Structures are given as C-alpha cells and as structure tokens.
Amino acid sequence: MKFQIEDVTVYFPYDHIYPEQYSYMIELKRALDAKGHCLLEMPTGTGKTIALLSLITSYSLSKPQSPIKLIYCTRTVHEMEKTLAELKLLHNYQIKHLGPQARILAIGLSSRKNLCVNPTVLAAENRDSVDAGCRKLTASWVRAMAAENPNVPTCQFFENYEKAASAAVLPPGVYTLQDLRAFGKEKGWCPYFLARHMVQFANVVVYSYQYLLDPKVAGIISKEMQKESVVIFDEAHNIDNVCIEALSVSVRRQTLEGATRNLNRISHEIDRFKATDASRLRAEYNRLVEGLALRGNLPITDNWLSNPALPDDILKEAVPGNIRRAEHFLHVLRRLVQYLRGRLETENVEKESPVGFVASISSHAGIDQKALKFCYDRLHSLMLTLEITDTDEFLHIQTICDFATLVGTYGRGFSIIIEPFDERMPHIPDPVLQLSCHDASLAIKPVFDRFQSVVITSGTLSPIDLYPRLLNFHPVVSRSFTMSLTRDCICPMVLTRGSDQLPVSTKFDMRSDPGVVRNYGKLLLEMVSVVPDGIVCFFVSYSYMDGIINTWNDTGILKEIMQHKLVFIETQDVVETTLALDNYRRACDCGRGAVFFSVARGKVAEGIDFDRHYGRLVIMFGVPFQYTLSKILMARLEYLRDTFQIKEGDFLTFDALRQAAQCVGRVIRSKADYGMMIFADKRLLFELLPSSYLIPDMD
Amino acid sequence: MNNGGGKRINGGTEEDDDEDDVNGDLDAWERTYTDERSWESLQEDESGLLRPIDNKALYHSQYRRRLRSLSSIATAARIQKGLIRYLYVVIDLSRAASEMDFRPSRIAVIAKHVEAFIREFFDQNPLSQVGLVTIKDGVAYCLTDLGGSPESHIKALMNKLECSGDSSLQNALDLIDGYLNQIPSYGHREVLILYSALSTCDPGDIMETIQKCKKSKIRCSVIGLAAEMFICKHLCQETGGIYTVALDESHFKELILEHAPPPPAIAEFAIANLIKMGFPQRAAEGSMSICSCHKEAKVGAGYTCPRCKARVCELPTECCICGLTLVSSPHLARSYHHLFPIAPFDEVPPSHLNDPNNKLQRNCFGCQQSLLNPGNKPGLFVVCPNCKRRFCLDCDIYIHESLHNCPGCESFRHSKPVISNEE
C-alpha cells in the first residue's frame, strides 16, 4: 500500500498497517527531518523492522537530491538475515511501483566465518581460526611469495576478486549473506572482501553492533561512512551493556602465560629477520618515526586491527621513541606482563582508578602513559612487519596491548579491579584483573557525533528517559508506543502469594525458605497440568536454580512434574544447552509437552525465541536483580551516581525489570501468537511495579 | 441455553460425595472457586460493568456463524460430499478425562454427547458406519467394530467409562489405520478424536504415523477438552480435518454435532463410482426366522436380504452372509439434502419491523407466532433470500437442521398448503 506522511510517499509492502506502525513512522520521520537522534519503543511482534525500513527507504526516495545511507545494526546473524529478507520484499514492491529508479544496493556484512566460500578455510571451527586461515592465504606477502613459487597456496576467490579489480562490483539489489555467498561462488569472487568493498557504495548496510561500537573493528569497517547516514540499533535495550563490554578487558593467569609464549615467539621472529632481512625492521622504524598515519597505504587485507582509542588523536602523533625499535618494544611488553603477573599475586580484592594504575606502572615497571597508549598500534605494526599470519595464536598478547592502550587513554569512566578468587568459590584461587568500563557513553559517543540520525529502538526501553542519561545524548524524539491488540493474546499475571497464602519472593532472606520453594513448586505443578505444549521457567541465577531443583527433587515435586511434561535444564555449557533446547523443541512438537528451566541472564533468555507452541506459558520465579555484591557492579553504580546522578536503586530496578521483560517477551513474537506470563514475586506488586514498567497493557 | 444455572445444580448434588477425595489437597478458599466457577456466568460490557451473559442471543449468533461457514463451502460450488462414511470415534479415557472442570466430569459429558452424536450421525448419514476406540493407560482398545447400529455402540460405551493412565495418540491412530485400510475405496475414512489429555506419550515417532494416515486418506479431526495442542493441530492440518477446542459443555455439544453432516469429499475419491446395494423387504409381522446377525431365532420385524434371503435385524448394514450393502430407500433420500442444502436466511435488524411498508408480515411464516418480543419490542428475525418470507429464530434453526426445505419457497412453487411439507 502507498500513503502519504507529510511530504513523503511511503511504500509499504503489505495491504494492512497497524495503527502503531503508522504513528511510529510519523515520529521517525520527524526525527529524520530534524536530523537528530531518536529513541522509540514499540513491542515485539508489531512489525518494527518493516516500518523502519519502509519509511527510511521511502524518505530517501522522495529526496533524491540528498540521498541518505541506512546503517542497520542487529544483534545476531539470524536477525540480520531476517531484516534483509524483509527489505527484499519491500524492495521488490518499490520496484514494482516506481520502476528502476527505486533500485538500491543493500548488503549484509558479517565476519569471514559467515561469508567465506573457500572450503579449506571454512573447515576451521571458530571465528578466529577462520580469520587466521583467510589471512594465511590472502596476506600481501603470502601472495607475493606465491607469485614466485606456485606451490604456496592462495585463495582462488580472492585472486579472482583482485584480478577483477574495479570491475568487481555488485549490481543493485538486496543481498542477504546467502545471496552474497551464492554470488561470490558464481563469479568466483571472494564475497567477504567484495562486501567490505561495497559497504562504501551501498544504500543500506546491515551488520552487527560491533562494527560500529567496538572501536577495534569500527575503525576499519565503518570509517568511510558518510555523515548523512541513519544508524539504527535494533533490539537495543541492552545497548549500554554492549558498549561497556566493547571497552572492558579482563586478564587472567592464562592470558599472561599465553602472552609470554607469544612474546618468545615474536623475539624468535625478530632474531630470524635480523639475520635474513634486517632492512625490513629498519624500514618499519623509519615509518614509525614519521607517524602511524602513513599506514594508510597498506593493502586492505593487512588492515586487520585498529586502534581501540579515538583514532584521530594518535595517528597524528609519532610513536614515542622508546618503543620504536622492535627489541625495545618487546622489552616494554615483557615488563608489562611481569608487572601484571605481580599484581595478580595479591591476596585481597583491590580496586584502583586508571590514573593510579598508570602511575604505579610507571614507577614499578618504568613504562609511561604515552608508551602504554601506543601499545596496540605498535604491536599491530610489528606483527605486520614480521609477517605473522596465524593471528589466532596471538590473541593473548593482543589482549594485553588492548588493555594497555585503554588504561593509557582513558582517565575517567573506568576502574581496575583485581579479585584473587571467585566470591562464590573462595577456596579456589582464580585471580582475575579486570579493566571495566562504567560509562556506556564512551563507546557510542563517536557514533552520535559522526552520524546525522541515530535511532535506538526495541520492544522494551522503559523507562525511556533513562537511556539518554546512560548514553549521554539528547534525542529529538523519544516515544513509546503500545500494541493494539485485536484479541486478548497475552495474559500477564503477578503472583504474590502461594496457595497457602504465604508470600513468595526471591528476596535474599526469603529465597531458601522451604515454604517459598514449596509454593513455587506447587505453582509449577498446577501449571504443567493445565498448560499444553511448552512452558519456560526463568530463575534468577544458576545457583538458585540448582538449589530449588534439588529441593523439588527431594520433595518429589519434580517427579510429579515429570508425569505431565519432560524437564529440560539450561546449563553453563553451550553445547549441552543447545542439545537440551533441541530436545525441548522436539518434545513440544510431538505433543509430549516439556518444561524448560532457564536463567534470567543466560544465553537462552537473551537470544532464543519460544514462540507459538514452544512457549505457551512463561513463569518468572523472582525478580532477576544483578548480583549486587559484585565489585564491578558496585563500581559502576558508584560511577553512575556520581556522574549521571542515577540512584543505585533506580538503576538496579530498571535493569532487573528490563531483564524480566526480556524473559517473558520470549514467548510472544507476533500478534497471532498467544501465551500467558506469570511473575511470581510479591515485590513486583508492592514495590516495583507502580511505575509504568514492563508490558504496557499490564493492569 | 441453561448453561450457568444447570451447571450449578449439577455441581450442588455432586459436591458432597467426591469433594473430599478429589479436592482434598486444596485449601478452603480455593475450593469455593473450583466448585462455583462463578466468573463463567458473567461478562464485562463496554463500560467495564459486569452483567450476566445473554445466552440466547449468543447461542443464536454462534449458530448463524456456523451455518454461514458451512453453507459458504457448500454453495460456492456443488462440492461432492462423502455420503458413505466410515468413522471411528476415539474417546480418550486417560487420567485427564476424569478432571472435573466440566460438570460432573469430562468423561460423563463426553459420554452424554457421544451418545447424542451417534444418534444424530446415523440420522444424517444413514449409509455410514461408526466404530468406537478408547485410549487408556497409553494403549488403544477397539471398543466396537464398524457397524450401523447406534444402540450397540452406545451400550458398549456406557459400560466402559473408567479413566486412568496416560494417553497416546500414536497408538490410537496406528490401530485405526489398520482397521480403515481394509474398507472399500468408495467409503470415506474418518477419525474423530475427543481428546482430554494435554500430552501424548507415544512409543515412536508420531510424525511418521501422521504421514501414514495422510497416505491412507484418513481424515482426522480432533475436539480438545482442555487446550490447543500443537500436535493435534498438525495432525488435522496434515489430514484435512478440523481441530477445535471446547470452551464449555454447550460449546462441546455444538462442536461434536458439527461433525455429523458429511464433509466435502477428498479430491482423489471424487470420481463417480457405482456401488451395489440391496433394498431388503421387511418380513411379515409374526413370522419366525433365524437372525443372521444375532445367531438366534427371532420373531417378526426383520429384513430379508434380496440376494441370499438371510434375515437381518436392522438397516442399514452389510449382509453377514453375502456381504451386500443393505439399505432402505428413505435412508438414501435422507442423505440427499446434504447435496442441495437450503440457503441460509438473512438476518434483519429488529428496527425494520416497524417499517410501515412491511406491516403485513409481523408473524413468523413457519409457526405463525408474533415476531414482536413481549412488550411489543421488536426482536431479531430472519428472511429467506428466495421467497422473502419472515421466520423467527426457532423456525430458522428447525428449517435448516431438521426440515431441510423452506416452507415459504415450497408453498410458492406448488401453491400448496404449507402443512404438506411438515411430515
């Protein structure tokens, strides 16, 4: 259908539009007109994605003189494919109505693991080894060697792509990852490099959050994007955590040991080069004197790492003298690793600010802040010079350098926390040194600064005024839409008391009360006998889940549950959980019925959908507050209070309810679906819920 | 419908006997809710006020909806219908069937309505046969073989109503698949499953069984008594059946009776086919002969097979000696109306009744009662699209469900008195 929003003709591929989609588009259009950022909340299952895509593409079609580029960020590859499929439908519709002028180029970009078509490289099991496998075949020096010696293996697809040079372009259209692979196979071109090349020219790019937020990757992939772009973060309710994770590093004993091994290998390499090809090292030295900026002329395949700090600051400066020579740099790294090892030996929990930490490094290890700041780039340059291709082996030393650069660059918003053991298991020494970022706005700031409009959208963003404070930006539009329902397809309930009228809660002083455990058990038992197919239960933590299942087992409740439905449990092991999920789905399919026990902050709660018969009921046992005694959380809360004036309690409640809403939202993925949600905790009714949290139509 | 009221009376007599053993583990406050189910007789209006459910209008609107959906299938094209049906009714006697959410219990309600259904079924499909299968303790048993006598089925069912154990769809389907494979190809193979349980404990892969049923052209329909289950939906989708879930007793009755009229024929079977049938003569009163179906001497009121002269007690049936299908001509005639259904009547808003042009027709053409409600308020009524005669709601149902002829149209065409059509 075709309709007018102010001066824009919107092409919408479906015959019907929900009222909330229409108002969503209007708000979005205002934000685009104002060239500002916006924050929009609309429940899942109302067709957010198509509303976004159809408005923005129509907007740019109606203003041909100033084309805007759409950058769509998703959390998972699966969502990326879904978005592209939706876009394809829209694109076909627009072409049908507007003819060839509506043609656009839209591509998805993912890691080599998802795009590679070379069978030998793809055989590797994880992402890092696929990356390394690719570099082994495509690095410039490998190809130079192959030119002389035909026995050196290279990648046929990449060679063809290079040969085609500027002729290697994608014709306009919408390409999912699968289409890209098919196209690459057909033409014999490498889809990964082709896609990376085409990102600059594409009208729509769909990729993962990391490509914009993680400065290590963003520098390579996203630096050429024009300012007139619209950036969309879909499912962005956890965006602050993504930002924080992108800038946090943790160092364990294994990391340090690995780093030492890496350093030994590098020093061997240096010796070898000195003996055979000393001029190379000299050339590198000269280049470093002139500054890292000259690195720009390196071929794109070698461009595999970049600076985690703000690139502009550093590229203008020359690398400090004390780490220009390879041997000297190596010594600096050895001292750093030695120093970190010393710090890990501690018996007590220590917390320090980056400034203090840098001062301590410079007094104990003799490394100044500037040298630290350049570690990452210097290592990158060194590894290129030494022609190291198996980068997956060198992850440890990269982590250390990453850490050093972050510590050297940021004085505020971080803290360094050293814990000698895990608090839940104080007898097992497992020292860990964490550089944790507290300020989500640091990683996302460049995005807000660089692009004209940034749209943050999700099914659950309430309370919507907290996000601008957390991310430190000023949205021109922030709205929250409610779902219009034609029938009562969800039934949310808050349960405060068990059938014996005793209150239930996972509050710390109550959670192990046998009465509460029994009431929870009875609730589940009654539910399994009346709910068909699948039931999903969320607990607040793994340890609580283990405890409660043990008690249920002892009291025979578990056995009674098993009479009605099979029981599956999420564990910390990914493979085991995947298997459990698989069997859970089979049990639901074949009518046996099943219960899935899961944890509110686990993998299942975030990424797995329990739509249709896979989840007719979801029970949230308790409120999933974070582990408040965690040192990192405490440091972050303190920072939030001091910097953004967000009260600890407010943030914790917000975070817990956001998690809870995510958990229960797993079961309803479209309007045609139906299901029931039970929140079993007395706190929800009396303390937390009065504000308009959670699902909008919860009375 | 006397839904709310009747239930409470039933519940009242029940309570004392089995409350203690069944509801023993419930707390007192829960018990009042499980027994009364007081929320079911109330509904919320637009302003949020609670008021009792208006059963009559609700019932009629449901009926109209059903009629429309049925006739839209029938009149769209002259769809061939399977008049000779071989139907297995599967009754789930698992633990879940003893639940008391239907009053007095699910199984009692099922039994009551299966009885009514079997009678109605033979009334509408005189040429068809029914068999009963029960599921109990995870095993399927064949209660009665395919046969044309409603009495024998009902008698067999009433004797076996204990519930226990789990339920298994696969076992039931496997059993029935074995039986239905043997019937001749002109017959329509159907299964109607009355499913109380919320899960199925199967020995193997049920998906294979479903594919097998699909291959042998068995149309499986399910009526659930608890909640929608994916596997039932899948089964019905695959085999072309209907899946419904009953909300309460009256709804269940409606749903089960929906299966009485013959369904559209499966495409592969829609080829015209000649079937050999015998029309036996009724034996003279008082004559004595050995009955071939009961293997004993009987006096009078039997039928004689025209081919082998054996005596059978009831029609329709298959002759036990020569295997000829025996029917009587009224049976065939009664099946006929399914092929030429009468068009649904149009609903008219009551305000039209005060229209001065139409002053003449203030009475129902069928029963001659006034169409005005007590107090001269206009009520709902319907109009035949062909003859434009007006009928009250009760006559509407009677004409469509029993009479199968419109009195108005018939009197027009032959200018005969109306009474001649009402046998």
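The values are calculated or read from the model by the stated rules, or taken from the named source; none is laboratory data. This structure is a prediction, so every number in the text was calculated from the model and none was measured. Every residue, glycine among them, receives a Cβ derived from its backbone with ideal geometry; neighbour counts consider all protein chains shown. Accessible surface is based on the protein model in full, side chains and every heavy atom, while ligands, DNA and RNA are left aside. Shrake-Rupley method; radii C 1.70, N 1.55, O 1.52, S 1.80 Å.
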- Note on the structure: Pairs returned, first residue in the range A:603-624 that is within 19 Å of residue A:586 (Cα to Cα) and away from chain B (no Cβ under 14 Å), second residue that is buried (at least 24 other Cβ atoms within 10 Å of the Cβ) and aromatic (Phe, Trp, Tyr), beta-carbon separation under 9 angstrom, 6 or more apart or interchain, are A:604/A:538; A:604/A:596; A:604/A:610; A:618/A:538; A:618/A:610
- Item | In the range B:176-203, the residues that are within 14 Å of chain A (Cβ to nearest Cβ) and not in a loop (DSSP other than H, G, I, E, B) | B:193, B:195
- residue B:242 fails exactly one of (1) surrounded by 18 or more Cβ atoms within 10 Å (Cβ to Cβ); (2) more than 11 Å from every other protein chain (Cβ to nearest Cβ), namely (1)
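Test residue A:525 against the criterion of being of a type outside the set (Asp, Glu), within 14 Å of chain B (Cβ to nearest Cβ) and more than 22 Å from residue A:617 (Cβ to Cβ), and give yes or no. Give the steps one after another, and end with the answer.
Values: of a type outside the set (Asp, Glu): yes; within 14 Å of chain B (Cβ to nearest Cβ): yes; more than 22 Å from residue A:617 (Cβ to Cβ): no.
Spelling it out, it is not the case that residue A:525 is of a type outside the set (Asp, Glu), within 14 Å of chain B (Cβ to nearest Cβ) and more than 22 Å from residue A:617 (Cβ to Cβ).
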- Selection status of residue A:673, farther than 25 Å from residue A:470 by Cα and among the acidic types (Asp, Glu): yes
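Would you please name the residue that is surrounded by the most Cβ atoms within 10 Å (Cβ to Cβ), looking only at residues in the range B:154-175 that are away from chain A (no Cβ under 14 Å) and in contact (Cβ under 8 Å) with a residue 60 or more places away in the chain? Outline the logic, then answer.
Within the range B:154-175, the first condition is being away from chain A (no Cβ under 14 Å), and the residues that meet it are B:154-163, B:174-175.
Those still in the list that are in contact (Cβ under 8 Å) with a residue 60 or more places away in the chain too: B:157, B:160-163.
Details: B:157: 20, B:160: 14, B:161: 16, B:162: 11, B:163: 22.
Here the answer is B:163.
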- Answer with yes or no whether residue B:375 is at pLDDT 80 or above and among the small types (Gly, Ala, Ser). no
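Out of all the residues in the range A:589-597, is one or more more than 14 Å from chain B (Cβ to nearest Cβ) and open to solvent by 10 Å² or more (accessible area, probe 1.4 Å)? Lay out the reasoning, then the answer.
We begin by selecting, within the range A:589-597, every residue more than 14 Å from chain B (Cβ to nearest Cβ); these are A:596-597.
In the following step, the residues that additionally are open to solvent by 10 Å² or more (accessible area, probe 1.4 Å) were identified as none.
No - not one qualifying residue is present in the range A:589-597.
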- Message: Please go through the range B:211-224 and give me each residue that is open to solvent by less than 40 Å² (accessible area, probe 1.4 Å) and more than 10 Å from chain A (Cβ to nearest Cβ), ordered by number.
- Response: B:213, B:216, B:218, B:219, B:220, B:221, B:222, B:223
- Residues A:183, A:201: which one is over 20 Å from residue A:133 (Cα atoms) and in contact with a Pro (Cβ under 8 Å, 6 or more places away or on another chain)? A:183
- Message: Please count how many residues of the range A:488-499 are away from chain B (no Cβ under 14 Å) and open to solvent by 60 Å² or more (accessible area, probe 1.4 Å).
- Response: 1
- Note on the structure: With criteria (1) out of contact with any Ser or Thr (no Cβ under 8 Å at 6 or more places or on another chain); (2) surrounded by fewer than 19 Cβ atoms within 10 Å (Cβ to Cβ), residue A:607 comes up short on (1)
- Query: Would a scan of the range A:542-563 turn up a residue that is crowded, with 20+ Cβ neighbours inside 10 Å and not in a helix (DSSP H, G or I)?
  - Reply: no
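Does residue A:103 satisfy the criteria of being touching a His at 6+ places or on another chain (Cβ under 9 Å), among the basic types (Lys, Arg) and not assigned by the TED database to the domain that holds residue A:62?
On the way: touching a His at 6+ places or on another chain (Cβ under 9 Å): yes; among the basic types (Lys, Arg): yes; not assigned by the TED database to the domain that holds residue A:62: yes.
When the stated conditions are applied, residue A:103 passes them.
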- Message: Among the residues of the range A:528-545, what is the count of those that are more than 19 Å from residue B:226 (Cβ to Cβ) and within 14 Å of another protein chain (Cβ to nearest Cβ)?
- Response: 0
- Query: If you check residue A:517 against the conditions, is it under 26 Å from residue A:665 (Cβ atoms), open to solvent by less than 50 Å² (accessible area, probe 1.4 Å) and either modelled with pLDDT of 80 or more or not assigned by the TED database to the domain that holds residue A:20 (or both)?
  - Reply: no
- Message: For the range A:36-82, give me each residue that is of a type outside the set (Gly, Ala, Ser), under 18 Å from residue A:26 (Cβ atoms) and part of a helix (DSSP H, G or I).
- Response: A:48, A:49, A:50, A:52, A:53, A:55, A:56, A:57, A:59, A:61
- All conditions in (1) over 15 Å from the mean Cα position of the chain (by Cα); (2) within 28 Å of residue B:203 (Cβ to Cβ); (3) open to solvent by less than 40 Å² (accessible area, probe 1.4 Å) are true of residue B:130 except (1)
- Task: Could you figure out which of (1) within 26 Å of the chain's Cα centre (by Cα); (2) away from chain B (no Cβ under 14 Å); (3) under 19 Å from residue A:660 (Cβ atoms); (4) open to solvent by 10 Å² or more (accessible area, probe 1.4 Å) isn't true of residue A:573?
- Result: (3)
- Query: Of the residues that make up the range A:500-517, is at least one within 14 Å of chain B (Cβ to nearest Cβ) and closer than 25 Å to residue A:601 by Cβ?
  - Reply: no
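Let's see how each residue does on (1) in contact with an Asp or Glu (Cβ under 8 Å, 6 or more places away or on another chain); (2) farther than 30 Å from residue A:428 by Cα; (3) open to solvent by 10 Å² or more (accessible area, probe 1.4 Å):
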| position | (1), (2), (3) |
| --- | --- |
| A:319 | yes, yes, no |
| A:337 | no, no, no |
| A:353 | no, no, yes |
| A:361 | no, no, no |
| A:369 | no, yes, yes |
| A:400 | no, no, no |
- Given the structure, is residue B:68 open to solvent by 20 Å² or more (accessible area, probe 1.4 Å), at pLDDT 65 or above and not in a loop (DSSP other than H, G, I, E, B)? no
- Item | Subset of the range A:455-480 (residues that are closer than 27 Å to residue A:652 by Cβ, open to solvent by less than 30 Å² (accessible area, probe 1.4 Å) and modelled with pLDDT of 85 or more) | A:456, A:457, A:458, A:466, A:467, A:468, A:470, A:471, A:473
